[in-house]
1. Is at least one residue of the stretch 148-159 in contact with a helix residue (DSSP H, G or I) (Cβ under 6 Å, 6 or more places away or on another chain), under 19 Å from GLY196 (Cβ atoms) and in contact (Cβ under 8 Å) with a residue 60 or more places away in the chain?
2. Do any residues in the stretch 124-143 that are among the hydroxyl-bearing types (Ser, Thr, Tyr) have Cβ atoms under 7 Å from those of residues that are part of a helix (DSSP H, G or I), where the two are at least six apart or on different chains, and which pairs are they?
3. Go through PHE95, PHE108 for me and flag whichever is farther than 16 Å from VAL33 by Cβ and either more than 20 Å from the chain's Cα centre (by Cα) or assigned to a helix (DSSP H, G or I) (or both).
4. Could you tell me which residue of the stretch 134-153 is nearest to PRO172 (Cα to Cα), considering only residues that are of a type in the set (Gly, Ala, Ser) and either in contact with a Pro (Cβ under 7 Å, 6 or more places away or on another chain) or surrounded by 14 or more Cβ atoms within 10 Å (Cβ to Cβ) (or both)?
5. Name the one entry in ALA134, ALA138, ALA167 that is of a type in the set (Gly, Ala, Ser), under 16 Å from ALA46 (Cα atoms) and modelled with pLDDT of 95 or more.
6. State yes or no: is PHE126 hydrophobic (A, V, I, L, M, F, W, C) and touching a Pro at 6+ places or on another chain (Cβ under 7 Å)?
7. Could you grab me the full set of residues in the stretch 40-64 that are of a type outside the set (A, V, I, L, M, F, W, C), farther than 16 Å from LEU177 by Cα and at pLDDT below 95?
8. Output yes when any residue across the stretch 101-110 is more than 21 Å from ALA46 (Cα to Cα), touching an Asp or Glu at 6+ places or on another chain (Cβ under 7 Å) and buried (at least 17 other Cβ atoms within 10 Å of the Cβ), and no when none is.
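The values are calculated or read from the model by the stated rules, or taken from the named source; none is laboratory data. Keep in mind that this is a model prediction, so the values were computed, not measured. Cβ sites come from the backbone with ideal geometry, for glycine too, and all protein chains shown count toward neighbours.
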Amino acid sequence: MFIETGSLGDAPAWILLAGLPLILATCTAFTKVSVVLGALRTALGAEMLLPWAAIAALSLVITAVIMGPVALALAPLLEVGGALGPDLLAPLRDFLINNTDPAELDFFAATQGLAADHPLVVVPAFLVSELGEALHMAVVILLPFAIVDLIVAQLFLLLGLPNQPLALVSLPLKVLLFLAIGGWQAVISGLIEGYG
C-alpha cells in the first residue's frame, strides 16, 4: 500500500505529493495568474458566465506555460538515480529570485536574520512580490469595467430607470469591450511576458 521512495531520497513519495499544492501556490506563477484572472472574472461581472473551474483550469495552463523553462531545466536533474539536494532545486530557486522584488528579499532576510538566498527568505518574498504585482494588474483590469458600470448606471438614471438590473446591459457591453480589444491576448501575454 505504501509507495516506495525510489530516487526521491528518504522522504516517502506521498509526503512529496501532499506538499505539491503548497508548492504550486507558493513557488510558481499560479497565485499571480489566478488572482489576475479572478479579478477579470469579477470585473466582467461574469460569475455565472465564467465559472471558477474554468478560471482555475486556465490558471493552471498559463502557469504551465510560464513554468515550462523551469521544468525543462529540472528534467535532466530528475533522472533515475538522482538525489534530492540543493542542485536539484537550483532552477526553481533561480526562477524565484529572478522574479522577486529585491526590497522584499532584503525585508525578509533582515526580519529572519538569514541569507537572501535561503528558502525561508526567497519563498515568502516571491509570494509577496507576486501578490503585489497581481493586485497592480487587477486594478488595471478593474478600472475600465468600473467606468462602464458607472456610465450604464448614469444612463439608467437619466432614462428614469433607476431600479432596473444594470447587469442586463452592462454585462454584454463589458464582454463586447473585452473581446473588441483582444482582452484574452492582452491579459495572457501580459502575464506570460511578466516573467523574463
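1. So far as the stretch 148-159 goes, no, none of its residues is in contact with a helix residue (DSSP H, G or I) (Cβ under 6 Å, 6 or more places away or on another chain), under 19 Å from GLY196 (Cβ atoms) and in contact (Cβ under 8 Å) with a residue 60 or more places away in the chain.
2. As it stands, the answer is SER129/GLU104, since those pairs meet every condition given.
3. Of PHE95, PHE108, the one residue that is farther than 16 Å from VAL33 by Cβ and either more than 20 Å from the chain's Cα centre (by Cα) or assigned to a helix (DSSP H, G or I) (or both) is PHE108.
4. Among those that are of a type in the set (Gly, Ala, Ser) and either in contact with a Pro (Cβ under 7 Å, 6 or more places away or on another chain) or surrounded by 14 or more Cβ atoms within 10 Å (Cβ to Cβ) (or both), it is ALA153.
5. Answer to the selection: ALA138.
6. For PHE126, the condition - hydrophobic (A, V, I, L, M, F, W, C) and touching a Pro at 6+ places or on another chain (Cβ under 7 Å) - is not met.
7. GLU47, PRO51
8. No, that holds for no residue.
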